Amino acid sequence: MKILVTGGLGFIGSHTVVELQEAGHQVVIIDNCSNASESVLDGIESITGIRPDFEHIDLREKGAVDDFFNRYPEVHGVIHFAASKAVGESVEKPLLYYENNIGTLVYLLQQLVARGGSSFIFSSSCTVYGQADHMPITEDAPIKPAESPYGNTKQIGEEIIRDTCRVEPGLQAISLRYFNPIGSHPSAEIGELPLGVPANLVPFITQTAAGLRTQLSVFGDDYPTPDGTCIRDYIHVVDLARAHVVALERLLKGRSKSNYEVFNVGTGKGSSVLEVIRSFERVSGKKLNYRIVGRREGDVVEAYADTTRANGELGWKAASSLDDAMRSAWDWEKKVRGL
Ligand code: UD1
């Protein structure tokens, strides 16, 4: 029995591979290296002592996907990370996002359905809730119209899986709706490596402190929140990775309540942009150069998770604090930049 991790060289994927291996699972990674490098395998191996199998495959090539499953008959569990995730880019290149995020999902599910008795974990996002009406957000909160093609691919992806599970009892699936993953493995052997200028807050903070960027722009301080900046639920990537292992084992042990389930994966605690900056300054001992600018289009005011379902049903709970996560993000940035 092997677990296929698509996008296993990426930020969340690589941390999940480490946690899977440490829990005793054998892993094969598929990645097309479009946003990650094969050298991540070295980082994984240095943490776990095990080099996972690796297949350089682009999941958009249906023939290559089919061929993979012929060569790996022992794969009955899949964690599917491989996808494009830049909101702005998705507006510019919608077809790339639909092909990358939807086409590939269909090819994988076709293979899993054909072999029967398979487990599937899908990377979804709290973006499916849009600006939720109530905080914290439960899994039953309504799905709002997507703000971007990226967000739409997560909604459509969930629908595709739900519709398939309805008619394929051999397929067991869970969608995990991530809140905001940050940080890196405490060893600093793997971490987040965005290409070009980071769009997300935490890598922008650490790159600014490392001298790659001159200043962080804080997008708006006139929101209806205590300090006027937006609120998110920042979760340590290692906690998020562990949620995948727990969810997969729930499926493998036949413990799920139905063959399609959805869980929020967050800490349950909201933090403002200024609180994240303060946390960074606390753990790094550095003053961050930032200034308040106008709002960023498409940002929701606040989003943090109700984690009751994940805590109770999965028996999983985030263990790390915001400070832990920021410290690990900074350790990683320092290592990558040789500081
Ligand atoms: C973003 C996406 C979300 C996606 C997630 C993937 C948007 C609107 N949302 O989430 O759909 O699932 O990334 O990782 O793009 N901020 C600054 N300055 C910066 C960067 C960010 O002030 O330079 C603020 C933002 O306004 C926001 C917070 O920091 O309030 C977090 O931003 P970010 O890290 O981009 O995450 P999300 O917007 O929550």
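Each reported figure results from applying straightforward, stated rules to the coordinates on display, with no laboratory input. Here the structure is a predicted model, which means the values were calculated and not measured. Backbone-built Cβ (ideal geometry, glycine too); neighbour counts: all protein chains shown.
Some points to look at:
- Estimated FRET transfer efficiency (residue 37, residue 67; beta-carbon r; R0 30 Å; 0.05): 0.80
- The alpha-carbon positions of the stretch 224-301 define a convex hull whose volume is 137 Å³ per residue.
- Dipole magnitude of the stretch 69-152 about its Cα centre (Cβ charges: Lys, Arg +1; Asp, Glu -1), debye to nearest 20: 320 debye
- Lys/Arg +1, Asp/Glu -1 at C-beta; the stretch 237-339 dipole; positive extreme among 294, 251, 280: 280
- Rg in Å to one decimal, and Dmax rounded to a whole Å, for the chain via C-alpha atoms: 19.2, 56
- The HN-Hα couplings worked out from phi for the stretch 2-11 by the Karplus form 6.51 cos²θ - 1.76 cosθ + 1.60 (θ = phi - 60°) are 10, 9, 8, 10, 7, x, x, 8, x, 4 Hz, whole numbers, x standing for Gly and Pro.
- Using the Cβ of residue 227 as centre and a radius below 9 Å, the other residues enclosed give a net charge of -2, where K and R count +1 and D and E count -1.
- Cα pair distances exceeding 14 angstrom across the stretch 235-276, given as percent: 59 percent
- The amide H of residue 290, built 1.01 Å from its N in the peptide plane, has 216 as neighbours under 5 Å, considering only residues 5 or more places off or on other chains.
- Cα-projected label distance for residue 317 with residue 299, points at 7 Å along beta-carbon direction, nm: 3.2 nm
- Leading residue at positive end of dipole, the stretch 95-179 (Cβ point charges), from 165, 113, 176: 113
- Taking amide H atoms as placed 1.01 Å from N in the peptide plane, the amide H of residue 53 lies under 5 Å from those of 27, 29, each 5 or more residues away in sequence or on another chain.
- Note that the stretch 226-233 has calculated 3J(HN,Hα) couplings of x, 9, x, 9, 5, 10, 9, 10 Hz, one per residue in order, obtained from phi through the Karplus relation 6.51 cos²θ - 1.76 cosθ + 1.60 (θ = phi - 60°); glycine and proline are x.
- Dipole moment magnitude, nearest 20 debye, the stretch 1-136 about Cα centre, only Lys, Arg, Asp, Glu C-beta charged: 300 debye
- Stretching the chain fully between residue 195 and residue 114 yields a gain of 25.5 nm (0.36 nm per residue, less the alpha carbon separation).
- Taking each residue as 0.36 nm, the span from residue 257 to residue 1 lengthens on full extension beyond its C-alpha to C-alpha distance by 89.9 nm.
- Rg to Rh, two decimals, where the stretch 180-339 supplies the alpha carbon set and Rh follows Kirkwood: 1.01
- Compactness of the stretch 99-248 - radius of gyration and Dmax, Cα, Å: 18.1, 54
- For residue 190, nonlocal amide neighbours, meaning residues 5 or more places apart or on other chains whose placed amide H falls under 5 Å from its own, are 185.
- Residues residue 26 and residue 91, FRET efficiency given R0 of 51 Å [Cβ-Cβ distance, rounded to 0.05]: 0.85
- Evaluated over the stretch 36-139, the Cα radius of gyration and Dmax, each in Å: 16.7, 47
- Packing-based order for 72-78, 61-67, using average beta carbon neighbours within 10 Å, highest first: 72-78, 61-67
- Length gained when the stretch residue 50-residue 292 is fully extended (0.36 nm per residue, less Cα-Cα span): 82.6 nm
- The chain: antiparallel DSSP beta bridges as a percent of all, rounded to 5: 5 percent
- Highest mobility in the GNM of the chain, judged by mean-square fluctuation with C-alpha springs under 10 Å and restricted to 267, 307, 208, is found for 208.
- Using a simple spin-label model with pseudo-atoms 7 Å out from Cα toward Cβ, residue 138 and residue 166 lie 2.3 nm apart.
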